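Taking it in order: structure first as structure tokens, then the write-up.
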Amino acid sequence: MGLTEAVAGNSAGVDYRLAREATLQAWRGGELATEQVCDAQRELRRNAEFCGIDAGAPCPVCERDRLVEVTYVFGPRLPRHGRCVTSDKEMARIDARKSVSQGYVVEVCTECGWNHLTRSRSLGG
Ligand SMILES: [Zn+2]
């Protein structure tokens, strides 16, 4: 099982595909400017470079193959700004804890800065 599947999980997960589609549709329709949807901040871009995993699809905005998924986990004993998780092993370790953490997968294009939350679920507990 890959890391992103680990976050997708099978229960209590939230899928943000509809919100993502709505954002893209607003952008295609001209209601949102490119700089409004491609607003990845420096920290997110940096994390995308270092802990991003190939999303396996081109960027929906610039269509380059630079789309990656970054997994963040927030919870007790983790940094306040969340931890960028890069391995299934680390994910499994957090999931095995008694304390509940929240995992978020954000897709980011390292080319144009497009970014959107794709899914989340709780871990541990
Ligand atoms: Zn892009």
Q: Filter the range 12-51 down to the residues that are part of a loop (DSSP other than H, G, I, E, B) and without any contact (Cβ under 8 Å) to a residue 24 or more places away in the chain, then identify the one that is nearest to the chain's Cα centre (by Cα).
A: 41
Q) Does the range 85-104 include one or more residues that are within 23 Å of residue 24 (Cα to Cα) and more than 13 Å from the ligand (Cβ to nearest atom)? A) yes
Q: Given the conditions (1) modelled with pLDDT of 95 or more; (2) touching a strand residue (DSSP E or B) at 6+ places or on another chain (Cβ under 6 Å), report the number of the one that residue 110 does not fulfil.
A: (2)
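For the range 90-119, which residues satisfy the criterion of being more than 16 Å from residue 52 (Cα to Cα) and not β-branched (Val, Ile, Thr)?
From the range 90-119, those more than 16 Å from residue 52 (Cα to Cα) are 92-102; that's our starting set.
Once the filter is applied, which keeps residues that are more than 16 Å from residue 52 (Cα to Cα) and not β-branched (Val, Ile, Thr), the range 90-119 yields 92, 93, 95, 96, 97, 98, 99, 101, 102.
Inspect the range 72-82 for any residue being closer than 20 Å to residue 23 by Cβ and out of contact with any strand residue (DSSP E or B) (no Cβ under 6 Å at 6 or more places or on another chain) and give the result as yes or no.
no
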**Q.** Leading residue by the ranking (nearest to the ligand (Cβ to nearest atom)) among those in the range 111-125 that are within 13 Å of the chain's Cα centre (by Cα) and not small (Gly, Ala, Ser)
**A.** 114
Q: Run residue 69 past the list (1) surrounded by fewer than 15 Cβ atoms within 10 Å (Cβ to Cβ); (2) modelled with pLDDT of 95 or more; (3) touching a strand residue (DSSP E or B) at 6+ places or on another chain (Cβ under 9 Å) and report the number of the one that doesn't hold.
A: (1)
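The values are calculated or read from the model by the stated rules, or taken from the named source; none is laboratory data. Remember, predicted model here, so these are calculated numbers, not experimental data. Backbone-built Cβ (ideal geometry, glycine too); neighbour counts: all protein chains shown.
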